[in-house]
Amino acid sequence: MALSFAQSTLFSKPSLFLSRNGFPNLAVSLSLSCFSTSAAVSSDNNRGHKWRQPAASVEHGGVKIAKDDVVRDDPTNNVPDTIFSKLGLQLHKRDQHPLGILKNAIYNYFDTTYPNKFDKFDDLCPIVSVKQNFDDVLVPEDHVSRSYNDTYYVDSQTVLRCHTSAHQAELLRKGFTHFLVTGDVYRRDSIDSTHYPVFHQMEGFRVFNPDDWEASGMDGTSYAAKDLKKCLEGLARHLFGAVEMRWIDTYFPFTNPSFELEIYFQENWLEVLGCGVTEQEILKRSGKTNNVAWAFGLGLERLAMVLFDIPDIRLFWSTDERFTSQFSKGQLGAKFKPFSKFPPCYKDMSFWINDSFTENNLCEVVRGIAGDLVEEVRLIDNFTNKKGMTSHCYRIAYRSMERSLTDEEINDLQWNVREQVENKLNVVLR
Ligand code: DAH
């Protein structure tokens, strides 16, 4: 069983239906804009300063995104302020940040292995249509990832992309055949040291022509699968050195066959990425009827936590110099030295749930109040009484990575959490 952490691939599950630029190689011009062009406004660093108002707009790749365009008091919108404030940060574009260092190391591998082949995009707007995020990559209508519980919806037709695969079809249609897309992606999720509602992915895509495989005597799919595995094994060695690897067959809506690559690292099998041979339908819809392609998607945080020894996913967002000063451009794998271990404080809360209760909704409420001061929200007790009422008890761990929290501050947070959980989630506290 692979060690699965830091946002494992959501799409590797079949349809469940539960209730619930950089312009490196080519001078290209893509419509990157979200809305309109305007000046920069810095965004909130969300370190639990609950009284701080998030900026009214953020800048993404030179484009201004107004808060009102993303956060609306409307039932089709479930984007909180805390998520909006992350939109302009683009950690993957910072050369001194572990995510930027990792992105550059991957670029480096592709530039050396395939000189001048891959176009790189790291500025594509994260606000995409439902069509781009799901339909274009053949995510079934009833797939759990489409639910309001799992995805941030701006309105019924617009989402914050939940994977960088959302850009595959558009880039194919624009004529790109070899590309890497890096960006921030957004998912409603639980709270623990390896899950954060915003994280970063890189998507890779390569298209082959009949000439490529015909000379080999293989069929197109086998040829692409073989090339894909060779490429990604090389990438894993580039990042991790001489590691043991294994391929696992899996399912993704957009590829067939589909695989996951695992590496043996520090005595655990670690899932590194998802990939496969692109479904013909995706190519066909983009006007490519005679081609075969491969694609992969990897989570940057997951890899960076391992490569840099970063123990908590919240640290990526820290602006504390004791964190940021430990990394420098081009230094892949410099080991992070924890600068402190401030004590956690645990608070339990029990309530009777209702049919619409979900853990993701609870976590959103807690994050909305405590921001990055919440380390974990864990279900510690769950029972149903004779009347059929179900009670959940959650343990909330509060801990700052930067300072000691006072009792008063934690009690204040917990009172707010209790009040909002009761009001917003319609549960009955016990
Ligand atoms: N989009 C997938 C996810 O976020 C990751 C992925 C898997 C991307 C396979 C791909 C792919 O391009 O071929 O879970």
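Please state which of the following conditions ASP219 fails to meet, knowing it meets all the rest: (1) at pLDDT 95 or above; (2) within 16 Å of the ligand (Cβ to nearest atom).
(2)
For (1) surrounded by 15 or more Cβ atoms within 10 Å (Cβ to Cβ); (2) farther than 18 Å from SER129 by Cβ; (3) modelled with pLDDT of 50 or more, each residue gets a yes or a no:
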site: HIS49; (1), (2), (3): no, yes, no
site: PRO54; (1), (2), (3): yes, yes, yes
site: SER57; (1), (2), (3): yes, yes, yes
site: GLY62; (1), (2), (3): no, yes, yes
site: ASN77; (1), (2), (3): yes, no, yes
site: PRO80; (1), (2), (3): yes, yes, yes
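For LYS229, state whether it is away from the ligand (no atom under 14 Å from the Cβ), of a type outside the set (Phe, Trp, Tyr), assigned to a helix (DSSP H, G or I) and out of contact with any helix residue (DSSP H, G or I) (no Cβ under 9 Å at 6 or more places or on another chain). Spell out the reasoning first.
On the way: away from the ligand (no atom under 14 Å from the Cβ): no; of a type outside the set (Phe, Trp, Tyr): yes; assigned to a helix (DSSP H, G or I): yes; out of contact with any helix residue (DSSP H, G or I) (no Cβ under 9 Å at 6 or more places or on another chain): yes.
When the stated conditions are applied, LYS229 does not pass them.
Suppose we filter region 384-408 for residues that are of a type outside the set (Ser, Thr, Tyr) and closer than 25 Å to ASP189 by Cβ; how many remain? Explain how you work it out, then say what you get.
To start, the set of residues in region 384-408 that are of a type outside the set (Ser, Thr, Tyr) comprises 385-389, 392-393, 395-397, 399, 401-403, 405, 407-408.
From what is left, the residues that are closer than 25 Å to ASP189 by Cβ are 392-393, 395-397, 399, 401-402, 405.
Number satisfying all stated conditions: 9.
Residue by residue through region 112-131, note down the ones that are within 19 Å of VAL207 (Cβ to Cβ) and not in a strand (DSSP E or B).
THR113, TYR114, PRO115, ASN116, LYS117, PHE118, LEU124
Residue pairs, Cβ under 7 Å, 6 or more apart or interchain, first in region 298-319 and farther than 16 Å from LEU332 by Cα, second among the hydroxyl-bearing types (Ser, Thr, Tyr) and within 16 Å of the ligand (Cβ to nearest atom). List them.
ILE313/THR194; ILE313/TYR196; ARG314/TYR196
With a cut-off of at least 2 residues that are under 20 Å from the mean Cα position of the chain (by Cα) and more than 30 Å from GLU364 (Cβ to Cβ), name the strands (runs of 3 or more DSSP E) lying wholly within region 142-223.
Details: elements: 153-155, 158-160, 178-186, 198-208.
Where strands (runs of 3 or more DSSP E) fall fully within region 142-223 and carry at least 2 residues being under 20 Å from the mean Cα position of the chain (by Cα) and more than 30 Å from GLU364 (Cβ to Cβ), they are 178-186, 198-208.
When region 160-203 is examined, which residues are found to be near the ligand (Cβ under 9 Å from one of its atoms) and β-branched (Val, Ile, Thr)?
Selection gives THR164, VAL185.
Residue under question is GLU262, and the condition is that it be farther than 23 Å from VAL139 by Cβ and loosely packed, with under 15 Cβ neighbours inside 10 Å; does it hold? First the steps, then the outcome.
Numbers: farther than 23 Å from VAL139 by Cβ: yes; loosely packed, with under 15 Cβ neighbours inside 10 Å: no.
Taking the combined requirement at face value, the residue does not satisfy it.
Could you tell me how many of the residues in region 384-393 are assigned to a strand (DSSP E or B) and closer than 12 Å to ARG430 by Cβ? Can you show your working first?
Residues of region 384-393 that are assigned to a strand (DSSP E or B), as a first pass: 384, 390-393.
Subsequent filtering for residues that are closer than 12 Å to ARG430 by Cβ retains 390-393.
Of the residues in region 384-393, 4 are assigned to a strand (DSSP E or B) and closer than 12 Å to ARG430 by Cβ.
For PHE110, state whether it is closer than 30 Å to VAL374 by Cβ, modelled with pLDDT of 95 or more and touching a strand residue (DSSP E or B) at 6+ places or on another chain (Cβ under 9 Å). Spell out how you get there, then give the answer.
On the way: closer than 30 Å to VAL374 by Cβ: no; modelled with pLDDT of 95 or more: yes; touching a strand residue (DSSP E or B) at 6+ places or on another chain (Cβ under 9 Å): yes.
The answer is no for PHE110.
Return the residue satisfying two criteria in turn: it lies in region 269-293 and is closer than 20 Å to VAL139 by Cα and among the hydroxyl-bearing types (Ser, Thr, Tyr), and of such residues it is farthest from the ligand (Cβ to nearest atom).
The extreme case among them is SER286.
Given the options TRP269, TRP294, name the one that is touching an Asp or Glu at 6+ places or on another chain (Cβ under 7 Å), modelled with pLDDT under 95 and hydrophobic (A, V, I, L, M, F, W, C). Show your work before the answer.
On the way: TRP294 fails: modelled with pLDDT under 95.
Result of the check over TRP269, TRP294: TRP269.
The values are calculated or read from the model by the stated rules, or taken from the named source; none is laboratory data. Remember, it's a predicted structure, so these values are computed and weren't measured experimentally. Using ideal geometry, Cβ is built from the backbone for each residue, glycine included, and neighbour counts are taken over all protein chains shown.
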